[in-house]
1. List, please: which pairs have Cβ atoms under 7 Å, are six or more places apart or on different chains, and start with a residue in segment 18-29 that is at pLDDT 85 or above and end with one that is in a loop (DSSP other than H, G, I, E, B) and not hydrophobic (A, V, I, L, M, F, W, C)?
2. Please go through segment 1-16 and give me each residue that is under 16 Å from the mean Cα position of the chain (by Cα) and either closer than 26 Å to LEU65 by Cβ or exposed (fewer than 10 other Cβ atoms within 10 Å of the Cβ) (or both), ordered by number.
3. Can you confirm whether segment 20-33 contains a residue that is open to solvent by 80 Å² or more (accessible area, probe 1.4 Å) and in a helix (DSSP H, G or I)?
4. Before we move on, is SER38 loosely packed, with under 10 Cβ neighbours inside 10 Å and either at pLDDT 85 or above or hydroxyl-bearing (Ser, Thr, Tyr) (or both)?
5. Is it the case that segment 44-64 has a residue that's under 15 Å from the mean Cα position of the chain (by Cα), part of a loop (DSSP other than H, G, I, E, B) and modelled with pLDDT of 90 or more?
Amino acid sequence: MSDNDNQNIALYLGLKSLSESAFPKMCANCGMVFHSVSDFIDYSKSLGVGSGLKESFDENDTPIL
C-alpha cells in the first residue's frame, strides 16, 4: 500500500470519527433528536424552503457561499 493510500484511509477514518462524534444532535426547528448519522439520514426531512446555502460577501463585497 502506498503512502497516498495510507493518507486517504487515515483521512477517511478521521472524518468518519468526527462525524460520529457529532451525535446526538437535536433539530433546532422541530426538537427531534438524531442519535447517529444513519438516524439523521433516515428521519430528517427537508424544510422545503431554499437550497440550504447561505450567501455572504468577502472583503471586496463579492458574493460567496
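1. PHE23/HIS35; PHE23/SER36; PRO24/HIS35
2. LEU11, TYR12, GLY14, LEU15, LYS16
3. The answer is yes, given that some residue of segment 20-33 is open to solvent by 80 Å² or more (accessible area, probe 1.4 Å) and in a helix (DSSP H, G or I).
4. Considered against the rule, which asks whether it is loosely packed, with under 10 Cβ neighbours inside 10 Å and either at pLDDT 85 or above or hydroxyl-bearing (Ser, Thr, Tyr) (or both), SER38 comes out as no.
5. Within segment 44-64 (the criterion being under 15 Å from the mean Cα position of the chain (by Cα), part of a loop (DSSP other than H, G, I, E, B) and modelled with pLDDT of 90 or more), the answer is no, since none of the residues qualifies.
The values are calculated or read from the model by the stated rules, or taken from the named source; none is laboratory data. Keep in mind it's a predicted model, so treat the numbers as computed, not measured. For neighbour counting, all protein chains shown are included, and Cβ atoms are generated from backbone atoms with ideal geometry for every residue, glycine included. Quick note on the areas: whole protein, heavy atoms, side chains included, nothing else; ligands and nucleic acids left out. Shrake-Rupley method; radii C 1.70, N 1.55, O 1.52, S 1.80 Å.
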